[in-house]
1. Could you list, in sequence order, all residues of the stretch 200-214 that are closer than 16 Å to Val362 by Cα and open to solvent by less than 30 Å² (accessible area, probe 1.4 Å)?
2. What pairs can you find where one residue is in the stretch 167-181 and free of Cβ contacts under 8 Å to residues at least 40 places away in the same chain, the other is part of a helix (DSSP H, G or I) and buried (at least 16 other Cβ atoms within 10 Å of the Cβ), and their Cβ atoms are less than 6 Å apart, with a gap of 6+ or different chains?
3. Can you tell me which residue among Met249, Met264 is in contact with a Leu (Cβ under 7 Å, 6 or more places away or on another chain) and surrounded by 15 or more Cβ atoms within 10 Å (Cβ to Cβ)?
4. Just one of (1) of a type in the set (Asp, Glu); (2) surrounded by 14 or more Cβ atoms within 10 Å (Cβ to Cβ); (3) more than 16 Å from the ligand (Cβ to nearest atom) trips up Asp310, so point out which.
5. Name every residue in the stretch 76-119 that is modelled with pLDDT of 95 or more, part of a loop (DSSP other than H, G, I, E, B) and more than 18 Å from Ala24 (Cα to Cα), in order of residue number.
6. So is Glu339 touching a Leu at 6+ places or on another chain (Cβ under 6 Å), within 30 Å of Ser243 (Cβ to Cβ) and in contact (Cβ under 8 Å) with a residue 60 or more places away in the chain or not?
7. Taking the condition more than 14 Å from Glu339 (Cβ to Cβ), hydrophobic (A, V, I, L, M, F, W, C) and within 16 Å of the ligand (Cβ to nearest atom), does Ile298 pass?
8. Need a quick list: strands (runs of 3 or more DSSP E) entirely within the stretch 172-245 having at least 2 residues that are more than 19 Å from the chain's Cα centre (by Cα), modelled with pLDDT of 95 or more and more than 14 Å from the ligand (Cβ to nearest atom).
Amino acid sequence: VRQRVDRIFAALETEVDAIVLWNASSHLTDSTFKYVSGVTRGGYEGCAAVLRKGLRPTLLVSTLEEESAHTASDSDVVAFQSQPALREILQITLASPRRLGVNADALVLAKANLLRELFDGVELVDVSAAISAARLVKDSDEIERVRHACDITNEVAADIPSMLREGLTEVQLAARIEQAIQSRGGRAAFNTIVCFGKNGSEPHYSPGDVPLRRGDMILVDFGSQWSDYCSDITRMYLFGGASSEQRAMFDVVRQAQASALELMRAGVAGKRVHQRAKEVIDATEFAGRFIHGTGHSIGLDVHDGGGLNDASEIMLAPGMILTVEPGVYVPGAGGVRIEDTVLVTADGPEVLTTVTKDLVEVAV
Ligand SMILES: [Mn+2]
């Protein structure tokens, strides 16, 4: 874990006296706090971390989470009882810095303003690119945690056919899936997407009070989070037998996903993987129906920085974990997406979401 801070400083383009991570309220926390400390428990609302080159991180934590903070490896922990006390500790820890690195992707403006108030004349330098670059390549501890999160999703996906009943609603199926994740020691990494029939045409559809009918194609996109690390998977099911139209749509996506997966090798540009998936789909009757990027980096966050799309500047390297998830979407008819969480190794791609990706037809 100590090396994670070194990796951030090694990727910096501008020298800074220190980097300050400062969480706001619960959903506005920077998961980089967990990355640099390796803590395995706690939420760290309002807490801060000070990173300095060659030194162990200093975690400034609320007394509400002091015990959890001691699960951090190789960090100094200083507890505070109030935000004014935290500000004082920050001033003592940092003395009078000229340049402070901040993660512009995750620092709220109120905290940035407070830093300027606390440190007269300080220059705040955005170091988010260095943080992203460090986090993009996972170490062995991170890989094991993602692997475990994927094992949970594999087990839950294998159980989905047995959950299906005529009349079951999308929200009810989503709840069953999330309960199955929790009973295996994980929690939902994001709100589970369940689409019945034509609702599959919207990639980020929110499940509704829609009952399952015979002949519906079912798209389920979910992920589990285990020990703070995430997995992400999309699988397709058919309640009954597939029509030739449903089968054709599925087969195109299956082919596109297989072609993209082949390219998940060290040295290949992320952009190229996306182009390959798009080429396969655009050569069929579904041309133009693939309307999003092919994948995203995943780790502490579901969207962990960087991805596989036209604007991608990523060059694949061993230790990167990304999703590969092409799809086709036909408004009024439905959609298909197939998604795996994939580890790039020196020997090629390792698909971590190993459960079958066949279109599973459930007898009704
Ligand atoms: Mn995804």
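The values are calculated or read from the model by the stated rules, or taken from the named source; none is laboratory data. No experiment lies behind these values; they were computed from the predicted model shown. Neighbour counts are summed over all protein chains in view; Cβ atoms, including those assigned to glycine, are modelled from backbone coordinates with ideal geometry. Heavy atoms of the whole protein, side chains included, go into the accessibility calculation; ligands, DNA and RNA do not. Shrake-Rupley method; radii C 1.70, N 1.55, O 1.52, S 1.80 Å.
1. Passing the criteria: only Leu212.
2. Correct list of pairs: Arg176/Met163; Ala180/Val156.
3. On the way: Met249 fails: in contact with a Leu (Cβ under 7 Å, 6 or more places away or on another chain).
Within the list Met249, Met264, the selection yields Met264.
4. Unmet condition: (2).
5. Correct list: Pro97, Arg98, Phe119.
6. On the way: touching a Leu at 6+ places or on another chain (Cβ under 6 Å): no; within 30 Å of Ser243 (Cβ to Cβ): yes; in contact (Cβ under 8 Å) with a residue 60 or more places away in the chain: yes.
Judged against the criteria, Glu339 is not a match.
7. Values: more than 14 Å from Glu339 (Cβ to Cβ): no; hydrophobic (A, V, I, L, M, F, W, C): yes; within 16 Å of the ligand (Cβ to nearest atom): yes.
So Ile298 fails the test.
8. Details: elements: 193-196, 217-222, 224-226, 233-239.
Because the criterion is at least 2 residues that are more than 19 Å from the chain's Cα centre (by Cα), modelled with pLDDT of 95 or more and more than 14 Å from the ligand (Cβ to nearest atom), the strands (runs of 3 or more DSSP E) in the stretch 172-245 that meet it are 193-196, 217-222, 233-239.
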